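Where a number appears in this text, it was derived from the coordinates with a stated rule and is not lab data. Fair warning: this is a prediction, and the values are worked out from it, not measured in the lab. As a convention, Cβ positions derive from the backbone with ideal geometry for all residues, glycine included, and neighbour counts pool all protein chains shown.
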């Protein structure tokens, strides 16, 4: 079954995006692993990140509280799996419910390829685990959320 910006197959949701940005792979890569930059672009349009902790090393953790424009906080955790600077980044993220438990887990693979005038960013975000009863709105919004996040990233890195 097709969904906007991704594919739904056998209970797995996958979002695939490719964008070009007028910044070097090293600059773009830094925006993904440095807290001060990640906090500025992570999340859909209008969201802020009052908590953004990043330990950018293999096995290192992420903790981000995304606050919606309405003030609702959406906590998430993560961990870094692969860091191949400035070419590839793999990390796992999990949305956290009100009891502090993961609702679902997503493996995110990002590649950074130097192209004429900048960098091509390719992202694959694949749902790998889902708790029964996970809110469908979170899953349905994954594609739009990533699109808007990457838009914010592109806007940020051209200012570096």
Report task. For helix 142-157, report the angle its Cα long axis makes with the longest principal axis of the Cα atoms of the chain; keep it between 0 and 90° and round to the nearest 10°. Result -> 30
Query raised in the report: Label-point separation (nm) for residue 65 and residue 48, each offset 7 Å from Cα along Cα-to-Cβ?
Result: 1.2
Report task. Report the calculated FRET efficiency for residue 18 and residue 82 (r = Cβ-Cβ distance, R0 = 25 Å), to the nearest 0.05. Result -> 0.85
Report summary line: Plugging the Cβ-Cβ distance of residue 74 and residue 160 into 1/(1 + (r/R0)^6) at R0 = 35 Å yields, to the nearest 0.05, a FRET efficiency of 0.80
Report task. Provide the gained length on full extension for the span residue 144 to residue 58, in nm with one decimal, where the gain is 0.36 nm per separating residue minus the Cα-Cα distance. Result -> 28.2 nm
Query raised in the report: Between residue 116 and residue 96, what FRET efficiency comes out of the Förster formula 1/(1 + (r/R0)^6) with R0 = 45 Å and r the beta carbon distance, rounded to 0.05?
Result: 0.65
**Report entry** Taking segment 2-157 and dividing mean pair separation by its residue count, relative contact order in percent (alpha carbons under 8 Å, at least six apart)
**Finding:** 27
